[in-house]
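Report on the following structure.
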Amino acid sequence: MEAQSGVQRYPNPAHLSWVTLSRNLLLAYQSFGVVYGDLSTSPLYVYTNIFSGRLQNHQTEEVIFGAFSLIFWTFTLIPLIKYVCIVLSADDNGEGGTFALYSLLCRHAKLSLLPNQQAADEELSSYKCGPSTQAMTSSPLKRFLEKHRRLRTALLIVVLFGASMVIGDGVLTPAISVLSAVSGLQEANNKLTNGELVLLACVILVGLFALQHCGTHKVAFMFAPIVIIWLVSILSIGLYNIVHWNPKIVHALSPHYIIKFFNHTGKEGWISLGGVLLSITGTEAMFADLGHFTALSIRLAFALVIYPCLVVQYMGQAAFLSKNPKSIPNSFYDSIPDKLFWPFCIIATLAAIVGSQAVITATFSIVKQCHALGCFPRVKVVHTSKHIYGQIYIPEINWILMILTLAITVGFQDTTLIGNAYGLACMTVMFVTTFLMALVIIFVWQKSVILAVLFLLFFGFIEGVYLSAALMKVPLGGWAPLVLSAIFMFIMYIWHYGTRKKYNFDLHNKVSLKWLLGLGPSLGIVRVPGIGLIYSELATGVPAIFSHFVTNLPAFHKVLVFVCVKSVPVPYVSPEERFLIGRVCPRPYRMYRCIVRYGYKDIQRDDGDFENMLIQSIAEFIQMEAVEQPQFSSSESSSLDGRMAVMSTRPVQSSLSLIVSEQDFLSIDDSIQNSRSLTLQSLQSAYDDDNLHIRRCHVRFQLPSNPGMDPAVREELMDLIQAKEAGAAYIMGHSYVKARRTSSFLKKLAIDIGYSFLRKNCRGPAVALNIPHISLIEVGMIYYV
């Protein structure tokens, strides 16, 4: 008998495929509660909006059949072919949405306007997505876009416009979904007035936004059965209506009925396309929420459940309306048998709330991404799940959305008017996605320009026709998303413009290294024990604010670290790659640089362990530098603000450089505990009372017993440990940004009024960076940009 001990066992491919399939099926189930709530509630109001206005004069069987044929082919071409088959493949390391496409483009071509990117960023594991960019270096189109700054600015404006329309969706979706769902009550009880119906919708909306702080992870898993019950219900009613009222509706699957539709309706039929496009609202959520699921799970859910259920429902409604054209103003609820009315009304209301929840969550995500790319003021971001990464809640945005949604609901009081606004917002986002996808096909997928042009012309033409019809309804409610997007886009662009100008000022006014070297290791002032963490947006060089510190402060810390927290155009940065450590000036100066990198989907958590990880990373850098460059180990000219190294930010533990001798959690900061000032201790106690959720980790380091360690390295590490024990201070510039006197009127308006207003009314940089207020030192400085 042959011995089996030496036989290597490989995983069974069938078992692996079954595990993958079962995981994707579970994700597909969960996606019903997050992605498809909005799309699946569209039958509540589509036919009502199509036959509003002058199309009321064409309520014949052929026209109704033609309307269904338009819905069917629109639903097939855009959600199924464009999104499911093509767009879902353009993910950015599993992330989707407008900013994911922009991020991909910025990595494969130099399209970003913020000049803080470094060569080291390209070495990130998540940076390498898609084919190698080397083959595209000679692309004329790529060189043309990179050369012209105005084109890059125009691209950013297009992306911001798309993002603004997504935020507009977050305002309009809850209004139209909830108002459409509760409108069935008026059919059941004629005594209900429009005012009472609107009041009920407002109460539901207030409750919906008030519950946002609880998070969406539990709600999504809990609400997935509601959406599935809703889909099965509308599928059943659709089949019943087809069989009971008019089985000939099956013939309307032929596009021939679309030609008949336009022959009968003419210009009125073209304007009614603004109602047809409401059947695909919520489609963008499939791509925007890709990060929480997988492309396969979203494709399975759409192809196997969403597509057949909604097509049959629209077909059933058309069959019912072809025999009951007078029911068009309330088509969905009239098509339901009387005995099933109340169960459907309850399920429809719950499904509408689920659909609203999904879009509100997507709005939080898009605002977070805008902020990460320097296009939105600083806001408070709250984690709502300990297990699901990326589930966030933004209080300021939530309440702004609630106020705007209530204003839309009370102001319009009509689902047709809100539908006109909603359709314009959704189609604009789809059009922006089509445009960006064409660029992705060229730059990221590296396909031929002809293929990209064909994609742009085909889908751009279809969406352009719908967009033109939606624009015709601007006076009838379509102005709402345009006004909302203009406001949000103005805020985004002003913030990005001011941020860019401030960064460029820092970039062109850096402190000369010759000046620092001329001051000597003491910097011309007293160097006291402790660590000074100097925060700056500069990724290279010494910021101008440092000269203010040196000239205004009588003493400075013995160890100085220039900390730059920046975003890179990738969704996530792994903890092992987060820190870049380097040296500023020669070794006796004890000056270092730390660049902390985050992706646009990363959240900056305050776990109280940043100082300890920073100290350990710097210690490892010192040790690594001595090993790799022994000839410079005692030189005073090594690493003059040039070489940076990636240091892992794993949890604090003993290493070759430092040994953790003591580790515990304290509620009082070590630097304040060492201080004998009762005032500081009382202030710190008050700070801790307001921040009970933050438990700062107090770690004591000591040097390992290594006789072979270089004396200069040992001395530097000892200085680092002693500085850590003495305490750390966070140093920032309290900057005031003003336009130069010679600037144009528009620039003064943008900087002195717009940008200054946003800076004063958003979260301070110290709060956004989770810097303890009690350890913060600020020095004022005016930026003339």
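Under a 5 Å amide H cut-off, with hydrogens placed 1.01 Å from N, Tyr127 pairs with nothing among residues at least 5 apart or on other chains.
When you count, for each residue, the other Cβ atoms within 10 Å and take the mean per peptide, how do 37-49, 528-540 rank with the highest first? Please report the intermediate quantities before stating the final value.
On the way: 37-49: 26.5, 528-540: 20.2.
Packing order, densest peptide first, comes out as 37-49, 528-540.
So how do 563-574, 56-67 stack up, highest first, on mean other-Cβ count within 10 Å?
Details: 563-574: 21.8, 56-67: 20.2.
Peptide ranking by packing, descending: 563-574, 56-67.
For the listed peptides 263-272, 429-438, 744-753, a ranking on the average number of other beta carbons within 10 Å per residue, highest first, reads 429-438, 263-272, 744-753. In whole angstrom, region 397-449 maps to an equivalent ellipsoid with semi-axes of 36, 14, 4, each derived as √(5λ) from the alpha carbon gyration tensor and ordered largest first.
Under 16 Å from a label point 7 Å along Cα→Cβ of Lys323: give me every residue in region 250-268 with its amide N that close. Answer for region 250-268: 250-251.
Quotient of the Cα radius of gyration of region 384-535 and 2.2 N^0.38 Å, N being its number of residues: 1.70. In order along region 313-324, the phi-based Karplus estimate (6.51 cos²θ - 1.76 cosθ + 1.60, θ = phi - 60°) of 3J(HN,Hα) comes to 5, 4, 5, x, 4, 5, 4, 5, 5, 5, 9, 9 Hz; Gly and Pro are listed as x.
Of the two radii for region 230-355, the radius of gyration is 0.99 times the Kirkwood radius, both from the alpha carbons; that is the Rg over Rh value. With viscosity set to 1.567 mPa s and temperature to 4 °C, compute the Stokes-Einstein D of region 435-499, Rh being the Kirkwood radius across alpha carbon pairs; µm²/s, no decimals. Translational diffusion coefficient: 90 µm²/s. Distance between the C-alpha centres of region 368-445 and region 305-337: 30 Å, rounded to the whole angstrom.
Using every pair of distinct Cα positions in region 473-568, the Kirkwood expression returns a hydrodynamic radius of 16.6 angstrom. Near the amide H of Lys558, within less than 5 Å, lie the amide hydrogens of Val528, Gly530, all on another chain or at least 5 residues away, with H placed in the peptide plane. Could you give the Stokes-Einstein D for region 732-785 in µm² per second, using the C-alpha Kirkwood radius, 10 °C, 1.306 mPa s? For these conditions, the coefficient is 128 µm²/s.
For region 296-447, the solvent-accessible area with a 1.4 angstrom probe is 32 square angstrom per residue. Compactness check for region 275-412: Cα Rg over 2.2 N^0.38 Å is 1.32. Here is the size of region 542-599 from its Cα atoms: Rg then Dmax, 14.1, 43 Å.
What translational diffusion coefficient, in µm²/s and rounded to a whole number, does the Stokes-Einstein relation yield for region 285-337 at 20 °C and a viscosity of 1.002 mPa s, taking the hydrodynamic radius as the Kirkwood radius over Cα pairs? If you can, show how the numbers build up before the last one.
Values: Rh = 13.1 Å.
Translational D for this selection: 164 µm²/s.
The fraction of all Cα pairs in region 53-114 landing in successive 10 Å bins from 0 to the largest distance is 18, 28, 20, 17, 14, 3, given as whole percents.
Under 5 Å between amide hydrogens, built in the peptide plane, is the criterion, and for Val737 it picks out Tyr783 among residues at least 5 positions away or on other chains.
The values are calculated or read from the model by the stated rules, or taken from the named source; none is laboratory data. As the structure is a computational prediction, the values presented were derived from the model and not from experiment. Neighbour counts are summed over all protein chains in view; Cβ atoms, including those assigned to glycine, are modelled from backbone coordinates with ideal geometry. These accessible areas exclude ligands, DNA and RNA; they are computed on the full protein's heavy atoms, side chains included. Shrake-Rupley method; radii C 1.70, N 1.55, O 1.52, S 1.80 Å.
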